[in-house]
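Remarks on the structure that follows.
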Amino acid sequence: MTEQQKQAVRESWSQVVPIADKAAELFYTRLFQLDPSLRHLFKGDMAEQGRKLTMTLNLAVKSLDRLDQLTPVLQDLGRRHVGYGVKDSHYAAVGAALLWTLEQGLGEAFTGEVHDAWAATYGLVSGVMMDAAAAAA
Ligand code: HEM
């Protein structure tokens, strides 16, 4: 990722943080529209789940310049996701729901540049998670 992309992610994320709970709710609604079969994987309280997801994304955004520290955290997360029944093929729907949610939250601030920067961020995060999951199999 370029420095400019990292900056676009940081700036846009700071606009989403104040509405994070609402954004998380939108995200899961969208995700289950895109793939209703994913709903049964989630067993717990969805508001709590939304906060965990937001916290992890927050950590990822804060760590874009310290990927060496972020990578082991994401590897553990990816391995745990195998236990939740998550497959590689599920990551595309999550990425699409994430980008859609950011678009809803940011409105006109969701420019092509911001879209691409977040797509790169999600690609990076999900790539590390999937690689670790595959290596653990
Ligand atoms: C960037 C990608 C993702 C991030 C940052 C993320 C983050 C998290 C976090 C922080 C948790 C809390 C539990 C833990 O820490 O182990 C969690 C649980 C979970 N995630 Fe993800 N996740 C991602 C991708 C996915 C994908 C692609 C799926 C597929 C549907 C998924 C499904 C789940 C499920 C089923 C749980 C457990 C829910 C439960 O206990 O009821 N996640 N995720």
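The values are calculated or read from the model by the stated rules, or taken from the named source; none is laboratory data. Only a predicted model underlies this, so the values are computations on that prediction, with no experimental measurement involved. Heads up, the Cβs are rebuilt from the backbone with ideal geometry, glycines too, and the neighbour counts pull from every protein chain shown. Note: areas computed on protein heavy atoms with side chains; ligands, DNA, RNA excluded. Shrake-Rupley method; radii C 1.70, N 1.55, O 1.52, S 1.80 Å.
Some notes on this structure:
Here is a yes/no grid of residues against (1) farther than 18 Å from G105 by Cα; (2) in a helix (DSSP H, G or I):
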position: Q5; (1), (2): yes, yes
position: E11; (1), (2): no, yes
position: T29; (1), (2): no, yes
position: K43; (1), (2): yes, no
position: R51; (1), (2): no, yes
position: V61; (1), (2): no, yes
position: V73; (1), (2): yes, yes
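- Residues of the range 52-72 that turn out to be basic (K, R) and either surrounded by 15 or more Cβ atoms within 10 Å (Cβ to Cβ) or over 23 Å from P18 (Cα atoms) (or both), as a count: 1
- Pairs where the first residue, in the range 110-122, is within 9 Å of S12 (Cβ to Cβ) and the second is open to solvent by 50 Å² or more (accessible area, probe 1.4 Å) and not in a helix (DSSP H, G or I), C-beta under 8 Å, 6+ apart: A117/M1
- Restricting the range 96-109 to residues that are away from the ligand (no atom under 14 Å from the Cβ) and touching a residue at least 24 places away in the same chain (Cβ under 8 Å), the residue that is farthest from L74 (Cα to Cα): A109
- Apart from one condition, R51 fits all of (1) basic (K, R); (2) closer than 24 Å to A137 by Cα; (3) under 14 Å from the mean Cα position of the chain (by Cα); the exception is (2).
- Residue satisfying all of: in the range 44-64; among the charged types (D, E, K, R) and closer than 17 Å to V94 by Cβ; farthest from the ligand (Cβ to nearest atom) among these: R51
- Contacts under 8 angstrom Cβ, first residue in the range 80-94 being modelled with pLDDT of 95 or more and open to solvent by 70 Å² or more (accessible area, probe 1.4 Å), partner in a helix (DSSP H, G or I) and aliphatic (A, V, I, L, M), 6 or more apart: V82/A133; V82/A136; Y84/L41; D88/M130; D88/A133; D88/A134
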